[in-house]
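The structure appears right after this line, and notes come after that.
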Amino acid sequence: MAASNTTSTCLISPDFEHYNITDLPDSVLPVWTVLAYVNGIAAPLTAVSNALIICAVFGDQQLRSKAYTLLLAALAVGDLLVGLVVEPLYCWFFICLLKECGMCIFTLNVVAIGICNVFSMCTLMMVSVERYLAIELPIWHRVHVTPKRVKQTAAAIWLTLPISMITFVILLNKHETLKKLPPLRFTLGNIALILYCTVKVAITAYSKTKTTKPKAATQQAQQEEDHERKLQIQEFKRGLTLGILVLTSVILYFPSIIFNIIHLVNGKDFTPEFKYIAQHIILTLINLQSFVNPFIMALRIKKIRKSLKIKITSCLSMFNGN
């Protein structure tokens with residue numbers, strides 16, 4: 001069964017190596033089948049869990065009035081699109097490989113994965129910068145990092161990112177020089193900023209929790225200090241949530257980083273098994289991050305758990321009433 005060698009008629013058509021299905025190693029097709037099932041099962045679970053997080057944040061006045069939880073909701077929006085678009089497209093992509101469909105589905109898959117995952121990474125960067133400002137410059141953060149500005153920034157990213165990604169894919173398809181640059185180089189700056197802010201937040205939070213201040217002279221001053229201390233503890237806990245999200249990202253993105261380093265060193269000198277299996281396992285792991293993130297948010301943030309409980313209880317009562 002030979003794969004179609006017709007030229008793609010897509011406006012945007014990244015290079016895709018056509019090959020005969022019968023020439024592939026025996027281990028490739030079973031792995032593709034398993035990955036298709038994994039993405040297919042994860043898709044509805046990812047969509048539902050992230051939709052619940054979004055409803056919990058925007059359905060609670062206190063949660064949607066905070067910049068931090070709004071950014072987490074923005075992260076959940078990107079993860080929701082992974083469940084609604086990326087993972088179903090990935091399943092379709094595997095089917096097209098086996099059924100010899102046109103490679104326009106490959107283009108759709110590349111663009112969808114690129115937009116959603118880059119948006120998630122940019123949003124995680126925004127969360128890390130917000131936590132950095134909250135810990136290092138708390139007064140400045142309270143004055144300048146407002147929910148309105150957070151919404152405007154997220155909206156600006158939403159508007160510019162798809163255009164930028166599509167433009168990049170077009171340039172990638174037309175310029176041979178860009179094709180030689182591995183994707184790792186385009187994400188190192190973002191990753192470095194996320195890791196710097198996260199480590200800085202963790203170090204500052206730890207040092208401040210170990211610092212003991214002398215008691216204030218008056219009761220009112222002591223109450224103000226206690227209130228400020230409670231606010232700091234809340235910020236530190238949110239910083240810990242960020243650390244868990246970043247650690248999860250590092251674990252799930254680590255195979256991708258290793259793959260790109262190997263690609264940078266060895267070029268295209270891969271074994272067939274590594275060539276046709278590794279990259280799809282890597283993309284599946286990256287997609288699974290969108291499934292893990294909402295559970296981290298729900299487990300780490302008490303107010304989100306309470307809001308989720310209220311929403312779910314309300315829906316169940318309405319369902320039972322009908």
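Quick one: in region 238-281, of everything that is within 14 Å of the chain's Cα centre (by Cα) and of a type in the set (A, V, I, L, M), which residue is surrounded by the most Cβ atoms within 10 Å (Cβ to Cβ)?
Taking the candidates together, the pick is Leu242.
Taking the condition modelled with pLDDT of 60 or more and surrounded by fewer than 18 Cβ atoms within 10 Å (Cβ to Cβ), does Thr33 pass?
Working: modelled with pLDDT of 60 or more: yes; surrounded by fewer than 18 Cβ atoms within 10 Å (Cβ to Cβ): yes.
Yes.
Are any of the residues in region 102-124 in a loop (DSSP other than H, G, I, E, B), at pLDDT below 85 and either within 17 Å of Ala192 (Cβ to Cβ) or out of contact with any Lys or Arg (no Cβ under 8 Å at 6 or more places or on another chain) (or both)?
Start the filter on region 102-124 by keeping residues that are in a loop (DSSP other than H, G, I, E, B), which leaves 102-103.
Narrowing the set further to residues that are at pLDDT below 85 leaves 102-103.
Next, only the ones that are either within 17 Å of Ala192 (Cβ to Cβ) or out of contact with any Lys or Arg (no Cβ under 8 Å at 6 or more places or on another chain) (or both) stay: 102-103.
Yes, there is a match, as at least one residue in region 102-124 is in a loop (DSSP other than H, G, I, E, B), at pLDDT below 85 and either within 17 Å of Ala192 (Cβ to Cβ) or out of contact with any Lys or Arg (no Cβ under 8 Å at 6 or more places or on another chain) (or both).
Given the structure, is Glu87 modelled with pLDDT under 85 and of a type outside the set (A, V, I, L, M, F, W, C)? Can you show your working first?
Numbers: modelled with pLDDT under 85: no; of a type outside the set (A, V, I, L, M, F, W, C): yes.
For Glu87, the condition - modelled with pLDDT under 85 and of a type outside the set (A, V, I, L, M, F, W, C) - is not met.
Within region 157-202, how many residues are among the aromatic types (Phe, Trp, Tyr) and modelled with pLDDT of 70 or more?
Quick first cut of region 157-202, residues among the aromatic types (Phe, Trp, Tyr) only: 158, 168, 186, 196.
Still in the list and also modelled with pLDDT of 70 or more: 158, 196.
Looking only at that region, the number is 2.
Going through region 261-300 one residue at a time, which ones are in contact with a Lys or Arg (Cβ under 8 Å, 6 or more places away or on another chain) and under 18 Å from Ser120 (Cβ atoms)?
If the condition is that a residue be in contact with a Lys or Arg (Cβ under 8 Å, 6 or more places away or on another chain) and under 18 Å from Ser120 (Cβ atoms), then Ala298, Arg300 are the ones that fit.
Could you please find all residues in region 285-314 being closer than 19 Å to Tyr68 by Cβ and hydroxyl-bearing (Ser, Thr, Tyr)?
The one that is closer than 19 Å to Tyr68 by Cβ and hydroxyl-bearing (Ser, Thr, Tyr): Ser307.
Out of Ala205, Ala216, report the one residue that is modelled with pLDDT under 80, outside any helix (DSSP H, G or I) and touching a helix residue (DSSP H, G or I) at 6+ places or on another chain (Cβ under 6 Å). Please lay out each step first, then the result.
Working: Ala205 fails: outside any helix (DSSP H, G or I).
It is Ala216.
The values are calculated or read from the model by the stated rules, or taken from the named source; none is laboratory data. Quick caveat: nothing in here was measured; it's all calculated off a predicted structure. Neighbour counts are summed over all protein chains in view; Cβ atoms, including those assigned to glycine, are modelled from backbone coordinates with ideal geometry.
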